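Worksheet for the structure shown next.
The values are calculated or read from the model by the stated rules, or taken from the named source; none is laboratory data. No experiment lies behind these values; they were computed from the predicted model shown. Using ideal geometry, Cβ is built from the backbone for each residue, glycine included, and neighbour counts are taken over all protein chains shown.
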Amino acid sequence: MIKTLGGTAVLVAALATPALAQTQISYWLWDSSQQPAYQACADAFQKQNPNIKIDIVQKGWNDYWTGITTGFVSGTAPDVFTDHLAKYPEFAQNQQIVDLAPLIKRDSVATNIYYPGLYDLWGREGKQYGLPKDWDTIAVVYNKKMLKEAGISEGIFKTWTWNPENGGVFGQVVAKLSLDKKGNNGLAKNFDPKNVERYGFTTNSSGGPYGQTEWSWLAVSNGFKYNDGPWSTKYYYDDPKLAQTIQWLADLSLKKGFAAPLADVARLGGSALFASGKVAMISDGSWMIKWYKDNTKFDVGFALLPTGPDGRKSMFNGLADSIWVGSKHKEEAWKWVKFLASPACENIVGSYGVVFPAIKSGAELALKAHAKEGLDVSAFLTEANTKGGTFLFPISDNASQITSIMTAAMDSVFLGKATAAQALKDANVQVNALFKK
């Protein structure tokens with residue numbers, strides 16, 4: 001700008017405030033329903049750290065992991081990403097994610113604020129590869145209208161049982177909710193399993209090596225254990241208690257006509273079959289609550305899992321955020337990871353009612369958020385808070401190879417191509433051979 005004073009032109013420099021230099025941190029997640037909550041966390045974080053910009057990218061499950069693994073090789077992986085217990089052992093073994101233990105110690109980060117067991121899942125031999133962000137348990141999702149029409153009280157879920165001999169009360173409910181095309185339910189002598197109008201139950205798949213939502217809760221309630229704990233080098237997939245469980249579940253479809261066939265589930269999706277009214281009940285995880293609310297045109301309920309011979313058991317799984325070793329901004333990435341795992345962010349996430357945060361205050365906020373929308377999701381929290389009611393995700397090396405072996409074995413059983421006893425025995429030999437190489 002030029003001003004004239006007494007005929008003399010004076011140049012006055014307009015001094016503008018320099019723009020604040022920002023470091024951009026890329027952050028990936030796979031669940032689109034969680035993106036708004038984490039964007040709110042990013043907004044709060046950026047107010048405290050104006051020199052850091054968080055760029056959130058959401059990708060579908062398959063594209064997500066393809067992008068992560070190829071990104072490690074090509075140098076285009078995100079600075080920070082949501083990690084999974086079935087994935088991180090190989091990332092750690094290949095030195096692709098940062099050991100957070102020195103940073104946790106340096107900054108005196110509290111690690112006793114999370115639900116018991118979650119933090120330990122992400123550590124190995126003194127190293128730590130993530131800070132817990134959330135947890136999940138399994139419940140039975142049911143169509144309230146169908147339940148009422150069948151004359152079944154929702155109160156039955158408080159005490160219902162299961163066993164692999166006759167299915168217990170759970171088996172009876174599944175049968176009663178199943179209808180053939182003439183309107184006969186599964187308890188009727190003239191029920192036609194080859195002409196089913198509505199199935200009483202479905203899962204999302206054959207369950208592969210973990211059966212998190214599909215069969216883990218039944219098998220462990222029957223006395224099965226995957227291995228001897230985190231990082232064990234021996235699996236027990238040949239346990240007769242697992243074979244007994246899997247065969248009972250497979251026969252719901254193969255012999256009785258009470259459960260959706262695996263071919264239909266693979267083609268259409270178990271959740272979609274439930275939402276369409278083709279199925280009355282499905283077992284699923286707490287991360288799917290919002291999906292069922294948004295994608296069904298009927299009232300849904302969330303029931304406690306049935307109690308088996310060994311009690312009521314739900315897998316207790318948890319996600320965490322990891323830092324890529326190739327990040328050029330590790331300190332800024334660490335600041336973001338610390339914030340993601342802090343009460344400040346986890347309470348924000350809880351208030352959105354999408355998942356249950358790893359910190360109890362956040363989980364309680366999630367429960368309240370669902371209640372405001374008329375959903376009673378206390379079953380998930382009750383299971384998480386019941387002593388002895390949960391078991392940890394069976395973490396180990398060789399996860400991708402185990403997945404290939406066990407998915408093929410489980411598929412063969414649910415498709416009726418092999419018995420559970422033989423398929424699981426053969427698969428167990430292959431799985432344990434992986435640890436001897």
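Could you pull out every one of the helices (runs of 4 or more DSSP H) wholly within segment 196-280 that has 1 or more residues that are among the basic types (K, R)?
Those helices (runs of 4 or more DSSP H) span 240-254, 262-268.
Specify which of the listed residues (I138, I152) is closer than 30 Å to A37 by Cα and of a type outside the set (D, E, K, R).
Of the residues listed, the single one that is closer than 30 Å to A37 by Cα and of a type outside the set (D, E, K, R) is I138.
Tell me the residue from F298, F302, F258 that is within 27 Å of N185 (Cβ to Cβ), of a type in the set (F, W, Y) and surrounded by fewer than 20 Cβ atoms within 10 Å (Cβ to Cβ), please.
So the residue among F298, F302, F258 that is within 27 Å of N185 (Cβ to Cβ), of a type in the set (F, W, Y) and surrounded by fewer than 20 Cβ atoms within 10 Å (Cβ to Cβ) is F298.
Only one of T82, T69 is among the β-branched types (V, I, T), modelled with pLDDT of 95 or more and surrounded by fewer than 18 Cβ atoms within 10 Å (Cβ to Cβ). Can you tell me which?
Criteria check complete, one pass: T69.
For segment 339-388, list the helices (runs of 4 or more DSSP H) that sit wholly inside it and hold at least 1 residues that are over 16 Å from the mean Cα position of the chain (by Cα) and over 28 Å from L103 (Cβ atoms); which are they?
Result: 360-372, 378-385.
Is it the case, given these coordinates, that T390 is outside the structural domain of K241 (by TED's automatic domain parsing), crowded, with 19+ Cβ neighbours inside 10 Å and within 30 Å of D299 (Cβ to Cβ)? Don't jump to the end; show me each part of the working.
Numbers: outside the structural domain of K241 (by TED's automatic domain parsing): yes; crowded, with 19+ Cβ neighbours inside 10 Å: yes; within 30 Å of D299 (Cβ to Cβ): yes.
So T390 passes the test.
Can you tell me which residue is surrounded by the most Cβ atoms within 10 Å (Cβ to Cβ) among those in segment 129-168 that are among the acidic types (D, E) and part of a strand (DSSP E or B)?
Looking at residues that are among the acidic types (D, E) and part of a strand (DSSP E or B), I get D134.
Here are A110, A86: which of them is among the small types (G, A, S) and either in contact with a Pro (Cβ under 7 Å, 6 or more places away or on another chain) or in contact (Cβ under 8 Å) with a residue 40 or more places away in the chain (or both)?
Just one listed residue meets the conditions, A86.
List pairs: first in segment 132-150 and over 30 Å from L121 (Cα atoms), second basic (K, R), Cβ under 9 Å, 6+ apart or cross-chain?
M146/R198; A150/K176
Check K290, K278 and return the single one that is out of contact with any Lys or Arg (no Cβ under 9 Å at 6 or more places or on another chain), touching a residue at least 12 places away in the same chain (Cβ under 8 Å), within 30 Å of K158 (Cβ to Cβ) and not assigned by TED's automatic domain parsing to the domain that holds D55.
Working: K278 fails: out of contact with any Lys or Arg (no Cβ under 9 Å at 6 or more places or on another chain).
One residue alone meets the criteria, K290.
Counting only residues that are among the small types (G, A, S) and free of Cβ contacts under 8 Å to residues at least 60 places away in the same chain, which one in segment 113-128 is surrounded by the most Cβ atoms within 10 Å (Cβ to Cβ)?
G123
Name the residue, out of L304, L319, that is under 20 Å from W122 (Cα atoms), of a type outside the set (D, E, K, R) and modelled with pLDDT of 95 or more.
Every option except L319 fails the conditions.
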